[in-house]
């Protein structure tokens, strides 16, 4: 389940990059807002999927309350999901070692 969560977090982070580094500069610097609605919608869906995945994938996986809060906060800041990936990766590795 943590692998699924990390994949969703990656998609959320990539859509953030696309929105902030491609669509919005095109809108404000090139006066071409065409990409903002579809990329914004994709990012919104990815963000909601990230939150839903938190609820489904994280419980019972050894996360402390602070780590869950940190993971939620990561979704509120641009590129936060990339910064938080190390934590999720360590938890995933620990769970894989425990089951092996």
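No lab work stands behind these numbers, since they all come straight from the coordinates. Model, not experiment: these values are computed from the prediction. Note that each Cβ is placed from the backbone with ideal geometry, even for glycine, and that neighbours are counted across all protein chains shown.
Odds and ends about this structure:
- Axis angle, to the nearest 10 degrees, between helix 65-74 and the longest C-alpha principal axis of the chain: 20 degrees.
- The candidate values were [x] 2, 13, 23, 20, 14, 10, 8, 5, 3, 1, 0; [y] 2, 12, 21, 24, 18, 12, 7, 3, 1, 0; [z] 3, 14, 27, 29, 18, 8, 2, 0; the one computed from these coordinates for P(r) over Cα pairs in 5 Å bins from 0, in percent carries the label [x].
- Taking Cα atoms only, the orientation of helix 80-99 departs from the longest principal axis of the chain by about 30 degrees.
- Length gained on full extension, residue 90 to residue 68, computed as 0.36 nm times the residue gap minus the Cα-Cα distance: 6.5 nm.
- Per-pair calculated FRET efficiency, R0 = 30 Å: residue 99 and residue 77 via Cβ, rounded to 0.05: 0.40
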